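The structure under discussion appears below in the form of structure tokens.
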Amino acid sequence: MVFATYRLGLPLVFKSSFDKANRTSSKSFRGPGLAEGLKILEKVKTTYDIPVVTDVHESIQCEAVGRVADIIQIPAFLCRQTDLLVAAAKTGRIINIKKGQFCAPSVMANSAEKIRMAGNENVMVCERGTMFGYNDLIVDPRNLEWMREANCPVLEGGGVASGGLRELIPCIARTAVAVGVDGIFMEVHDDPSKAPVDGPTQWPLRHLEELGRAHRNCCKLILCLPNTIVRGSLVVKE
């Protein structure tokens, strides 16, 4: 990842989840937990001298996470949880809010405003698809424009928005670039078939540079989740 982004001329932010608390099955891989996960993130941060980002599921996690992470991510299922948003905002870190699959894009304006009302202007929102029927995740490009009402950077969730159809990821990315998003959010793994979670939404790491090269001049930010350390991911930023 470091070499690929270096060749693209893009700086790197590493993203990883210490606990995937919203897995469908209780048998699914979740991660090492808060304490061990933050140790890993801090080691990555100091070893490679890069910023890191992770997500939180409970308000009580925010203070500890804020001492390590440069960006705190709010999961889609929790995008309207006021106490969580406020606690994250009070850390002073950049907050990335993923739009809930059940939400209209207008909801994100209110979520972003909760961050600002807590005294933090550093917020961005991410579109990750909308549910239309059971297990049918659809990307509506109109949402990318409507989410501008949140008055902050807008990202497109290429991998997570594919609904598990990996072959659609480049199409979704091209669509988002054509609309004019500020960034593309992707999940990446060196071997998607062996990814501990979300394998069908993973983009092969060997093709990351190729896909990034195609879009690096069209957006300001690329977020990728390689699932290699904890639940690894990176943010590539121009």
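When percent of Cα pairs over 26 Å apart is computed from the coordinates, the matching label among [x] 31; [y] 35; [z] 45 is [x]. Between residue 178 and residue 35, the FRET efficiency from the beta-carbon distance, with R0 = 45 Å, is close to 0.55. A full extension of the chain between residue 135 and residue 90 corresponds to an added length of 12.7 nm, given 0.36 nm per residue minus the alpha carbon distance.
Build a GNM of the chain with springs between Cα atoms under 10 Å apart, and of 188, 139, 197 the one that fluctuates most is 197. Under 10 Å, Cα contacts only: if you run a Gaussian network model on the chain, which one of 179, 154, 52 comes out with the highest mean-square fluctuation? In the Gaussian network model the winner is 179. Distance distribution P(r), the range 118-184, all Cα-Cα pairs, bin width 10 angstrom from 0: 22, 50, 23, 5, 0 percent.
Contact order, relative form, for the chain: 19 percent (alpha carbon pairs under 8 Å, 6 or more residues apart, mean separation divided by residue count).
Averaging the sequence gap over all C-alpha pairs within less than 8 Å and six or more residues apart, then dividing by the number of residues, gives the range 47-125 a relative contact order of 27 percent. Distance from the alpha carbon centroid of the range 1-71 to that of the range 82-108 works out to 17 angstrom. Annotation: the antiparallel percentage among DSSP beta bridges lying fully within the chain is about 30. A 1.4 Å probe, protein heavy atoms only, puts the accessible area of residue 46 near 100 Å².
The values are calculated or read from the model by the stated rules, or taken from the named source; none is laboratory data. The model shown is predicted, which means the values in this text are computed figures rather than measured ones. When we count neighbours, we look across all protein chains shown, and the Cβ atoms used for this are built from the backbone with ideal geometry, even at glycine. Ligands, DNA and RNA are excluded from the accessible area calculation, which covers all protein heavy atoms including side chains. Shrake-Rupley method; radii C 1.70, N 1.55, O 1.52, S 1.80 Å.
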